[in-house]
1. Across the range 116-148, what is the total count of residues that are more than 16 Å from Ala57 (Cβ to Cβ) and within 16 Å of the chain's Cα centre (by Cα)?
2. How many residues, within the range 179-214, are farther than 20 Å from Lys280 by Cα, under 18 Å from the mean Cα position of the chain (by Cα) and in contact (Cβ under 8 Å) with a residue 24 or more places away in the chain?
3. I'd like to verify a number: residues in the range 82-109 that are aliphatic (A, V, I, L, M) and loosely packed, with under 14 Cβ neighbours inside 10 Å, how many?
4. Hey, among Leu53, Leu112, Leu79, which residue is in contact (Cβ under 8 Å) with a residue 40 or more places away in the chain, part of a helix (DSSP H, G or I) and surrounded by fewer than 13 Cβ atoms within 10 Å (Cβ to Cβ)?
5. Please indicate, with yes or no, whether at least one residue in the range 154-174 is within 20 Å of Ala222 (Cα to Cα), in a helix (DSSP H, G or I) and modelled with pLDDT of 95 or more.
6. Go through the range 115-139 and give me each residue that's of a type in the set (Gly, Ala, Ser), free of Cβ contacts under 8 Å to residues at least 40 places away in the same chain and farther than 17 Å from Glu71 by Cα.
Amino acid sequence: MKIRDLGAYLRERFPPVNMALFGVVFLTVRAVAAAAGGVGSPPRPGGGLLAALGAVATVSFFFRLRVFDEEKDFAQDMLTHPGRVLQTGRVTLPQLRRLAWAGAALELGWSLVSGRAALLAWLAALLYSLLMRAEFGVGRWLRGHLVLYALSHMLIMPLIITWLYCAGSAAPVFGRAFGALLLLSLLGGFSFELARKLHAPAAERAGVDSYSRALGYGRALALTVCLLLASGAAQALLLRLLYARPATYAALVLLLAAGLALYATAARHPREPRLRQAEKVVSLVMLTSYLAVLAELYSRGN
């Protein structure tokens, strides 16, 4: 496999912005775990080798989930996306598998160093990801129930957060802040999953799954908005538990308002460009949710 071909694949299917988001997730969970444990100021980003390895391990876990999806969807993608890097053979599934499992070795080593609780949490997340890869043995039935399929896959997020949280403190405290963090990861990820597969009726493509086709355009849009608001509520709860300053809520409120305005317009006038704008706002809400928590905790440590 040529490096430029791997780079092309990553830009197409696992771009640097995704890696950065997963790095932010790691830093946020680590900071919340440290703050909840009462061990002083949260560690600064890049402050040590263990933190750097943890960020890489986090990205690695999500990369393996991407490879699992590629394996499951390869035949369908050959029909619907024949021009992708993987489908044209510039990289191959065996090559991606080797990279994914090499990353698992790094995750295992980092988890071992991070303590018994982190190791057990990583094993639980790994086992669940393997069940996801096997589609829980009921893949055909699950694919006929798209929202349930998505929910079954989104449940990996609380497990990953638990793994990172256990690694973030020598004596992790599983209090209300931890619960709010789990809710934020689940609801934020779920809202983005729906937003990216919500299409205007004229933009639906044969053979490509979408929630707007499975549920109907209006119901899919309403569910996306509900999950977006729920994720915002989860972040507000986490900020409240961390005694955030009022100004910290401002970006969240503005982004939620922008998202609601876009979806309100899309409900009256279904247009694909408007839905793609809304998708970007949902992704910004998810990113801002973690960055706001980080900003609050690190500013407190100064």
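1. Going through the range 116-148 one residue at a time, the tally reaches 2.
2. Here the count works out to 4.
3. Residues flagged as aliphatic (A, V, I, L, M) and loosely packed, with under 14 Cβ neighbours inside 10 Å within the range 82-109 amount to 3.
4. Being in contact (Cβ under 8 Å) with a residue 40 or more places away in the chain, part of a helix (DSSP H, G or I) and surrounded by fewer than 13 Cβ atoms within 10 Å (Cβ to Cβ) holds for just one of Leu53, Leu112, Leu79, which is Leu79.
5. yes
6. Passing the criteria: only Ala124.
The values are calculated or read from the model by the stated rules, or taken from the named source; none is laboratory data. Keep in mind the model is a prediction, meaning the values are calculated, not measured. So basically every Cβ, Gly included, is an ideal-geometry build from the backbone, and we count neighbours across all protein chains shown.
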